[in-house]
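Engineer: A single structure is presented below for examination.
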Amino acid sequence: MCGIVGYVGECGAASVLIGGLKRLEYRGYDSAGVALLDRGEIHVSKAVGKVGMLDEKVRKEWGPDLMERAGTGIAHTRWATHGSPTEANAHPHMDQSGKISLVHNGIIENYRMLRSRLEGNGHQFLSETDTEVLAHLIGDCYKGDLLQAICDALHQVVGTFGIAVISTHEPGRIIAARRGSPIVIGIGLGEVILASDAAVILSRTHRVVYLDDNDIASVTANGIDLRDLDNIPVTRGIAELSLDAGAVEKGGFEHFMLKEIYEQPKALANAIRGRLDVLSGSSVLAGMASSARELAELTRVVMVVA
Ligand code: GLU
């Protein structure tokens, strides 16, 4: 299942982000990527397969100086819904200007309509994903205020999202928002770490804020400013998590087997989310390599909920 990590601090974002992705690996994914904001530039690296491969790749591409210096970044483990599991389709995705970078969990249902409208305005897309459309839409709405641009873009979106966005326009800041896909923000000392899963956050802080649907948060190393999608301030309490990371992964259950039994309905719903086309009575299996002919020859299908 897909995952998001974001970090803003003084330095060392890369190792926190990759460490966070490793904590999310147990949920399953097909590709991973990370973006760092440093000295007015966004550096993006992506890999199909294990987070370990992404880790090796960024060490080679970026080297220790950049990895140690950059204090702001976002990262993602993808589970393809729109477009096959390739490097081009992996997140983060950039907007048309190359100044805004986005990671996204969920599905933009009206992405085709938005994409063709943006293409009509000269936007060029590098992936098959719904997520890249959202990145371009935010860029299209940008008039000098990133949070407002994201609000304006999200008002046009039908679907579900947990997102984290960075931009060279506003260094040292991550904007996160959610509708139907969780985002939790951990407030540390001189650093803030956000994720789609509290297990990522606990190694750094136990003070967390859970976003509600249609909340948007502007996050800096010194704290967070919470709004709704009409840019009106909202207040959410800070929760103190007493569980350790292992206990959070077990979700309050005594052991993993019990957790998995109780999570089956939700896991099945998540597994088919965005993959059923109810109108045509068909399915969209973006990560499936087999051809229609090979599929027609299958004699048995086993559904496994992992
Ligand atoms: N719909 C997006 C994609 O296919 C996000 C998938 C996910 O939640 O990982 O790229």
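Engineer: Those residues that are within 14 Å of the ligand (Cβ to nearest atom) and surrounded by fewer than 18 Cβ atoms within 10 Å (Cβ to Cβ), I need them from region 106-116; list them, please.
Structural biologist: 109, 110, 112
Engineer: Specify the residue that is farthest from the ligand (Cβ to nearest atom); the eligible residues are those in region 71-90 that are surrounded by fewer than 24 Cβ atoms within 10 Å (Cβ to Cβ) and either closer than 26 Å to residue 218 by Cα or in contact (Cβ under 8 Å) with a residue 60 or more places away in the chain (or both).
Structural biologist: If we take residues in region 71-90 being surrounded by fewer than 24 Cβ atoms within 10 Å (Cβ to Cβ) and either closer than 26 Å to residue 218 by Cα or in contact (Cβ under 8 Å) with a residue 60 or more places away in the chain (or both), then 71 is farthest from the ligand (Cβ to nearest atom).
Engineer: When both residues are 6+ apart or on different chains and their Cβ atoms are under 9 Å apart, which pairs have a first residue that lies in region 134-157 and is within 16 Å of residue 113 (Cα to Cα), and a second that is of a type in the set (Val, Ile, Thr) and assigned to a loop (DSSP other than H, G, I, E, B)?
Structural biologist: Pairs found: 134/157; 137/157.
Engineer: Residue 62 fails exactly one of the following numbered conditions: (1) within 23 Å of residue 304 (Cβ to Cβ); (2) open to solvent by 20 Å² or more (accessible area, probe 1.4 Å). What is the number of that condition?
Structural biologist: (1)
Engineer: Turning to a different aspect of this structure: Just name the residue that is farthest from residue 35 (Cα to Cα) out of those in region 95-105 that are surrounded by fewer than 24 Cβ atoms within 10 Å (Cβ to Cβ) and of a type in the set (Gly, Ala, Ser).
Structural biologist: Per the stated criteria, the residue is 97.
Engineer: Name the single residue that is modelled with the highest pLDDT among those in region 248-283 being among the β-branched types (Val, Ile, Thr) and more than 21 Å from the chain's Cα centre (by Cα).
Structural biologist: Among those that are among the β-branched types (Val, Ile, Thr) and more than 21 Å from the chain's Cα centre (by Cα), it is 261.
Engineer: A further question on this structure: Output the number of residues of region 6-22 satisfying the condition of being within 17 Å of the chain's Cα centre (by Cα) and closer than 10 Å to residue 191 by Cβ.
Structural biologist: So the count comes out to 4.
Engineer: Across region 123-156, what is the total count of residues that are in contact with a strand residue (DSSP E or B) (Cβ under 7 Å, 6 or more places away or on another chain), open to solvent by 10 Å² or more (accessible area, probe 1.4 Å) and either under 19 Å from residue 211 (Cα atoms) or at pLDDT below 95 (or both)?
Structural biologist: 1
Engineer: Still on this structure: Looking at (1) farther than 30 Å from residue 189 by Cβ; (2) under 18 Å from the mean Cα position of the chain (by Cα); (3) basic (Lys, Arg), which is the one condition that is false for residue 57?
Structural biologist: The single condition residue 57 does not satisfy is (2).
The values are calculated or read from the model by the stated rules, or taken from the named source; none is laboratory data. In this text, all values refer to a predicted model and were calculated from it rather than measured experimentally. Here Cβ is always computed from backbone atoms with ideal geometry, including for glycine, and neighbour counts include all displayed protein chains. Just the protein is used for accessible areas: all its heavy atoms, side chains included, with ligands, DNA and RNA removed. Shrake-Rupley method; radii C 1.70, N 1.55, O 1.52, S 1.80 Å.
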